[in-house]
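What follows is a set of notes on a single structure, which appears directly below.
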Amino acid sequence: MLFAHSIPTLHWGEALVRLALAAFLGGAIGFERELREREAGLRTHMLVAIGSALFTIVSAYGFHEFLTSGANVVRADPTRIAAQIVTGIGFLGAGAIIRQGLSVRGLTTAATLWVVAALGLAAGAGYYSGAVITTALVLFALYPLRIAAYRLIRRLRPEDRRLLVELPAGMSPAPVIEGLEELGARLVSLTVTQEGDRRRLELDLALPPATGPAALVTSVADVPGVVEVQWAE
């Protein structure tokens, strides 16, 4: 049986440590997103981590006076409020996903928001080691692992190359893709970004042996509306 005097409490100092750690770890991940100019940056990730930590603290310690009042027999589940963070953060993560033309951006940022919520929950629960280790792994996955994976893919698929195409704003990339397919090039991935009055296409291609970059650039340059074409090795 759990007596009233044995119900755990959280003092100011410990609450400050947990919330500050959540803010720091969430901010570290958000800073990386900020450097890459993603949809959710430093402040968003920091706020998600702090909010998750506070929900966890309130869930576990916020009803101490109510539980110790002695007026009624109360059964409390300290994980009930915190458990809603896992599902609730999905709405915020979905808002970070943006569809641009044929490409989808923000999936990684949505995933980092989900992980940051878990970091805040861990920090709020006092599981410091888990929060710190997870932050280190996330930062490793976002930068060093991304570079290593890109280089490995380029070695495993040396035929893959990147073509940069600029179009007027609002123009569909479909004519460009159709022209590439006519030459036998296979589209591996496509990223579409908007820069002022220009639409920038980044096309990762797998080229057939008989097709060279020069023929590809010439063919795309002849597509009506294409402003600029650049071959990136």
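The values are calculated or read from the model by the stated rules, or taken from the named source; none is laboratory data. Keep in mind the model is a prediction, meaning the values are calculated, not measured. No Cβ is skipped: glycine too gets one built from the backbone with ideal geometry, and neighbour counts run over all protein chains shown.
Observations on the structure shown:
- So Gly225, is it loosely packed, with under 15 Cβ neighbours inside 10 Å, under 26 Å from the mean Cα position of the chain (by Cα) and under 28 Å from Glu37 (Cβ atoms): no
- When Leu201 is tested against (1) within 17 Å of Pro224 (Cα to Cα); (2) more than 23 Å from the chain's Cα centre (by Cα), only condition (2) is not met.
- Close pairs (7 angstrom Cβ cut-off, 6 or more residues apart or separate chains): crowded, with 22+ Cβ neighbours inside 10 Å in the stretch 18-35, not in a helix (DSSP H, G or I) anywhere: Arg18/Gly126; Gly30/Gly41; Arg33/Ala40; Arg33/Gly41
- Close pairs from the stretch 214-228: first without any contact (Cβ under 8 Å) to a residue 60 or more places away in the chain, partner exposed (fewer than 12 other Cβ atoms within 10 Å of the Cβ) and part of a helix (DSSP H, G or I), Cβ under 8 Å, at least 6 apart: Ser219/Glu182
- Of the helices (runs of 4 or more DSSP H) contained entirely in the stretch 107-201, those carrying at least 1 residues that are within 25 Å of Leu42 (Cα to Cα), modelled with pLDDT of 80 or more and touching a Lys or Arg at 6+ places or on another chain (Cβ under 6 Å) fall at 107-124.
- Number of residues in the stretch 68-102 that are at pLDDT 60 or above, closer than 30 Å to Ile177 by Cα and assigned to a loop (DSSP other than H, G, I, E, B) equals 2.
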